[in-house]
Amino acid sequence: MGKVTGFLEFERQSESYEAPLARVKHYKEFVLALSDDQAKVQGARCMDCGIPFCNNGCPVNNIIPDFNDLVYRQDWKSAIAVLHSTNNFPEFTGRICPAPCEAACTLNINSDAVGIKSIEHAIIDKAWSEGWVEPQPAKHKTGKTVAVVGSGPAGMAVAQQLARVGHDVTVFEKNDRVGGLLRYGIPDFKLEKWLIDRRMRQMEAEGVTFRTGVYVGKEAPEAHINNFSKETITPDQLQAQFDAVVIAGGAEQPRDLPVPGRELEGIHFAMEFLPQQNKVNAGDKLVNQMLATGKNVIVIGGGDTGSDCVGTSNRHGAKTVKQFELLPQPPEQENKPMVWPYWPTKLRTSSSHEEGCERDWSVATKRFEGKNGKVEKLIAVRLEWKDGKMQEVPGSEFELKADLVLLAMGFVSPLQTVLDAFGVDKDARGNVRASTEGERAYTTNLPKVFAAGDVRRGQSLVVWAIREGRQCARAVDEFLMGHSELPR
């Protein structure tokens, strides 16, 4: 390493944020990225640890020690080459990945991990600003055609990889814009959407064709929050027109809360609420947009989607925002000797929480109550663990004012209508059944239909979607050509 004793000399310096009172007034990104000198110091902290557990902690197996060292040496052009060798879209992961690599950092055993995510963010932003990220069109065309269903991170990754080895790739997206859940599931203040558009233009220059507003299935559902297009293509048509088909949709079926009063107006899934604001930010005119302005908002679910609902509600000008979940409050500090190098369970306070939110744990919803068909309050109860089971605490029932309730309890499966239309085999959770190993990696029970990303593995991280897209691309290339030079 360039600075062998750097981990002893320098402390971790995290990216800073714009002040909460200022950032809640807009929907732009508010992270203040590291300067070149700050990134150099963080790169210097990377240890010559022998076994870089960070590589395996990262789902795409980024070659982290190498690009850390290159940033320390200020060789930024080589750093982006190393980063791009494993990750097609580091501007996405450098902003929204929870950084399991940092949890696995050797320095994290008894100190603060190297700021790997902030270094990745710095590398890719510098590469774009310097003009080093250019289209990489194939030198020779294969004459083979591939259809990719879904334009989220898995679909984008598989499409880019296949286009770069000469296949003609068409990406089908049911929404009006490319990006999948990157576009409509993540608020702009975490990921501005021009970043997706910039990559899309690069991919178009590499030969990828994007067709938005196209529903792949037998019959498009009624238009709703996602604005399905009236144009429909059947799986049979795709299989007839293309040499291979990749299903790369997201896990979009939200977990519901079947309790009395669920039908009351004002109770919505998070993915009914969040996409509307993204559409408005993009310039769309919505009728009766769902707003938290002046309302008592309750967010049920303590994960990232719930946090996004908190941040958006605060920007709307909510009167109060409360968030709770079933599980007990996790410890503020993990037991590192017990869990390292794996992802730890610990209390995580997001930037949205810092903007204003009352959080609670071990709470279950009993019912909703209201008047004239509109929700007015939520009746909840405290929980405790006894004999390995979650039980209600006797006499602990309480109520909360509720004008808007947002259900952010995760996703249970992909859209079953799409999978049923294809006729692919499914696992017990409703995901596409496809292995990641062996000669038939990422293949379904249908001869030339593949699956990758959340549609195969279930709800997961953007970085896992990119990994699966890259690996699936190799499997498709091998299927079409008999061999592949794409990385596994």
| query | How many residues are in contact with a Pro (Cβ under 8 Å, 6 or more places away or on another chain) and closer than 22 Å to ASP420 by Cα if we restrict to region 470-488? | reply | 0
| request: Return the residue satisfying two criteria in turn: it lies in region 154-205 and is part of a loop (DSSP other than H, G, I, E, B) and out of contact with any helix residue (DSSP H, G or I) (no Cβ under 8 Å at 6 or more places or on another chain), and of such residues it is surrounded by the most Cβ atoms within 10 Å (Cβ to Cβ). | output: LYS174
| field | Given (1) open to solvent by less than 20 Å² (accessible area, probe 1.4 Å); (2) within 30 Å of LYS218 (Cβ to Cβ); (3) touching a strand residue (DSSP E or B) at 6+ places or on another chain (Cβ under 6 Å); (4) at pLDDT 95 or above, number of the condition VAL375 does not satisfy | value | (2)
| Which listed residue, of THR365, THR320, THR305, is over 22 Å from ARG255 (Cβ atoms) and either modelled with pLDDT of 95 or more or not polar (S, T, N, Q) (or both) | THR320
| request: Answer yes or no: is there a residue in region 77-86 that is assigned to a loop (DSSP other than H, G, I, E, B), of a type in the set (Ser, Thr, Tyr) and modelled with pLDDT under 95. | output: no
| query | What do you reckon, is SER362 in contact with a helix residue (DSSP H, G or I) (Cβ under 7 Å, 6 or more places away or on another chain) and polar (S, T, N, Q)? | reply | no
| message | For region 423-442, check the following and say yes or no: at least one residue is of a type in the set (Val, Ile, Thr), crowded, with 17+ Cβ neighbours inside 10 Å and farther than 18 Å from ALA248 by Cβ. | response | no
| request: Identify the residue in region 313-322 that is of a type in the set (S, T, N, Q) and under 22 Å from LYS374 (Cβ atoms) and, among all such residues, is surrounded by the fewest Cβ atoms within 10 Å (Cβ to Cβ). | output: THR320
| Any idea which of GLY302, GLY356 is open to solvent by less than 40 Å² (accessible area, probe 1.4 Å) and closer than 25 Å to SER460 by Cα? | GLY302
| Just wondering, is there one or more residues in region 116-129 that are at pLDDT 95 or above, touching a Lys or Arg at 6+ places or on another chain (Cβ under 7 Å) and not assigned by the TED database to the domain that holds LYS336? | yes
| query | Across region 462-488, what is the total count of residues that are open to solvent by 60 Å² or more (accessible area, probe 1.4 Å) and in a loop (DSSP other than H, G, I, E, B)? | reply | 5
| task | Say whether the condition of being at pLDDT 95 or above, among the charged types (D, E, K, R), more than 29 Å from LYS377 (Cα to Cα) and open to solvent by 10 Å² or more (accessible area, probe 1.4 Å) is met by at least one residue in region 243-255. | result | yes
| Residue check, GLU91 against (1) of a type in the set (D, E, K, R); (2) open to solvent by 30 Å² or more (accessible area, probe 1.4 Å); (3) within 17 Å of the chain's Cα centre (by Cα), all met but one. Which one? | (2)
| remark: Sole miss for VAL310 among (1) open to solvent by 20 Å² or more (accessible area, probe 1.4 Å); (2) in contact (Cβ under 8 Å) with a residue 40 or more places away in the chain; (3) of a type outside the set (Gly, Ala, Ser) is condition (1)
| message | Condition first: within 22 Å of PRO487 (Cα to Cα) and either open to solvent by 30 Å² or more (accessible area, probe 1.4 Å) or touching a Lys or Arg at 6+ places or on another chain (Cβ under 7 Å) (or both). Now tell me which residues in region 71-81 satisfy that. | response | LYS77, SER78, ALA81
| request: Identify all residues within region 2-46 that are open to solvent by 70 Å² or more (accessible area, probe 1.4 Å) and aromatic (Phe, Trp, Tyr); write none if there are none. | output: TYR17
| said: On the basis of being modelled with pLDDT under 95, assigned to a strand (DSSP E or B) and surrounded by 16 or more Cβ atoms within 10 Å (Cβ to Cβ), does VAL412 make the cut? | reply: yes
| task | Return yes when LYS230 is among the basic types (Lys, Arg), farther than 30 Å from PHE479 by Cβ and either touching a strand residue (DSSP E or B) at 6+ places or on another chain (Cβ under 6 Å) or surrounded by fewer than 21 Cβ atoms within 10 Å (Cβ to Cβ) (or both) and no when it is not. | result | yes
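The values are calculated or read from the model by the stated rules, or taken from the named source; none is laboratory data. Just so it is clear, the model here is predicted, and its values are computed rather than measured. With ideal geometry, Cβ positions are generated from the backbone for all residues, glycine too; neighbour counts draw on all protein chains shown. With ligands, DNA and RNA removed, areas are computed over all heavy atoms of the protein, side chains included. Shrake-Rupley method; radii C 1.70, N 1.55, O 1.52, S 1.80 Å.
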